[in-house]
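Here's the structure, in structure tokens; my notes come after.
The values are calculated or read from the model by the stated rules, or taken from the named source; none is laboratory data. Predicted, not measured: the structure shown is a model, and the values here were computed from it. Note that we place each Cβ from the backbone using ideal geometry, even for glycine, and neighbour counts take in every protein chain shown.
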Amino acid sequence: FILLGFPGTWHFRVSLAVVFALTYSLTVTGNASVIALVWMNSNLHTPMYFFLCNLSFLEIWYTTDVVPKAIGVMLGTSQTISFSVCILQLFFLLSLGSTECFLLSVMAYDRYLAICYPLRYNSLMNSVLSARLVLSSWLGGFLAISLLAFLTSRLTFCGPHVINHFLCDIDACLALSCSDTWHVELATFLVSIIVVVASCVVTFISYIYIISSILRIQSAHGRKKAFSTCSAHLSVVTIWYGSTMFLYVKLSAQKSLDLNKLVNTFNTFVTPLLNPFIYTLRNKEVKQALGWV
């Protein structure tokens, strides 16, 4: 396959590659710093930060799956990609995205227990349960995409082998296939329902209970303190699900591919960069840990 990347002059594509490289460096540094900070400070050895470390590790892997190749595409030095590598990139991209959906719903459930059952939180969300939830998120994310990746790998591509994207996107691959793609489209729809919609519903229901509990708190200080414990997660959830939902808005074929390219750019470069800053800038425990370091 040949990845087109973004249209434009040579200078524009070089500038874009530089921006991609800087963003990637900041993303890896920021998320790795979160993991190191939690690991070094025993006060942060709680389920919430355990989930956050897994999210940070996921973001590093997610961007690494796409960005180095995307930079090569922008510079014109590595625009070709073999079929097997394309399927592998697609598998990791969708699997990690699915895992992030599950992790965000787990983190919403964690905030629900912390705010709605503060006295029983430590016994309810113990280390065993938190480890099982994280393991289930990773396994669920990868297993959910396995069948979809397998079905995609069985498609026939007769040419032209030009992908209008900077990565191997599922819609771009389906547009190039000369075989019947209904089974892949059906699998994509079912996976999106299971992963995106189901995790979004769990997150939404958790926040209904969270907001209800916060509103019942008498003091303004208590309400502010309770809301501050979940405001960072709510911001990340809004950004992630908001951009992900756009991927399932089907317009005309060309507009749909262009939309996917823009949304994937946001999900791949912007969201992983913002997450560590969102979780740390307004978090008193993290600020204290930074002061200790």
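The residues in region 154-175 that are in a helix (DSSP H, G or I) and free of Cβ contacts under 8 Å to residues at least 24 places away in the same chain can be counted, and the count is 1. For the residues Val106, Val128, Val134, the requirement of being assigned to a helix (DSSP H, G or I) and over 21 Å from Tyr207 (Cβ atoms) singles out Val128.
Is it fair to say Ser105 is at pLDDT below 90 and either surrounded by fewer than 18 Cβ atoms within 10 Å (Cβ to Cβ) or out of contact with any strand residue (DSSP E or B) (no Cβ under 8 Å at 6 or more places or on another chain) (or both)?
Working: at pLDDT below 90: no; either surrounded by fewer than 18 Cβ atoms within 10 Å (Cβ to Cβ) or out of contact with any strand residue (DSSP E or B) (no Cβ under 8 Å at 6 or more places or on another chain) (or both): yes.
It is false that Ser105 is at pLDDT below 90 and either surrounded by fewer than 18 Cβ atoms within 10 Å (Cβ to Cβ) or out of contact with any strand residue (DSSP E or B) (no Cβ under 8 Å at 6 or more places or on another chain) (or both).
Per-residue answers, yes or no, for (1) more than 22 Å from Thr271 (Cβ to Cβ); (2) surrounded by 20 or more Cβ atoms within 10 Å (Cβ to Cβ):
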site: Ala17; (1), (2): no, yes
site: Leu26; (1), (2): no, no
site: Val34; (1), (2): no, yes
site: Val66; (1), (2): no, yes
site: Ile81; (1), (2): yes, yes
site: Ser95; (1), (2): no, yes
site: Thr99; (1), (2): no, yes
site: Arg120; (1), (2): yes, no
site: Val128; (1), (2): yes, no
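Just one residue in the set Leu55, Leu44, Leu26 is more than 30 Å from Thr80 (Cα to Cα) and modelled with pLDDT of 85 or more; that residue is Leu55.
Residues in region 238-258 that are hydrophobic (A, V, I, L, M, F, W, C), under 22 Å from Asp65 (Cβ atoms) and either at pLDDT 75 or above or surrounded by fewer than 17 Cβ atoms within 10 Å (Cβ to Cβ) (or both): Ile239, Trp240, Met245, Phe246.
The set of residues in region 130-149 being surrounded by 13 or more Cβ atoms within 10 Å (Cβ to Cβ) and hydrophobic (A, V, I, L, M, F, W, C) consists of Leu133, Val134, Trp138, Phe142, Ala144, Ile145, Leu147, Leu148, Ala149.
Of all residues in region 32-82, those that are under 30 Å from Met125 (Cα atoms), out of contact with any Pro (no Cβ under 7 Å at 6 or more places or on another chain) and β-branched (Val, Ile, Thr) total 4.
Listed by first and then second residue, the pairs linking a residue in region 208-236 that is closer than 16 Å to Tyr112 by Cβ to a residue that is at pLDDT 80 or above and of a type in the set (Phe, Trp, Tyr), with Cβ atoms under 9 Å apart and 6 or more places separating them unless they lie on different chains, are Tyr209/Tyr112; Ile210/Tyr112; Ser213/Tyr112; Cys230/Tyr112; Cys230/Tyr207; Leu234/Tyr207. Farther than 19 Å from Phe51 by Cα and not polar (S, T, N, Q): does that describe Arg132? No; evaluated as a whole, the condition is false for this residue.
Taken over region 153-192, the residue count meeting the criterion of being surrounded by 14 or more Cβ atoms within 10 Å (Cβ to Cβ), of a type in the set (Ser, Thr, Tyr) and more than 30 Å from Leu16 (Cα to Cα) is 4.
Hey, does region 6-19 have a residue that's under 23 Å from Tyr279 (Cβ atoms) and hydroxyl-bearing (Ser, Thr, Tyr)? Spell out the reasoning first.
So the first thing to find is which residues in region 6-19 are under 23 Å from Tyr279 (Cβ atoms), and the list is none.
There is no residue in region 6-19 that is under 23 Å from Tyr279 (Cβ atoms) and hydroxyl-bearing (Ser, Thr, Tyr).
Residues of region 1-56 that are in contact with a Lys or Arg (Cβ under 9 Å, 6 or more places away or on another chain) and of a type in the set (A, V, I, L, M, F, W, C): Leu3, Phe6, Met48.
Go through region 106-128 and give me each residue that's closer than 21 Å to Val195 by Cα and of a type outside the set (D, E, K, R). Matches in region 106-128: Val106, Met107, Ala108, Tyr109, Tyr112. When the residues of region 202-235 are filtered to those that are under 24 Å from Phe189 (Cα atoms) and either polar (S, T, N, Q) or surrounded by 15 or more Cβ atoms within 10 Å (Cβ to Cβ) (or both), which remaining residue is nearest to the chain's Cα centre (by Cα)? Filtering first and then ranking leaves Thr203. When Phe204 is tested against (1) outside any helix (DSSP H, G or I); (2) at pLDDT 85 or above, exactly one condition is not met: (1).
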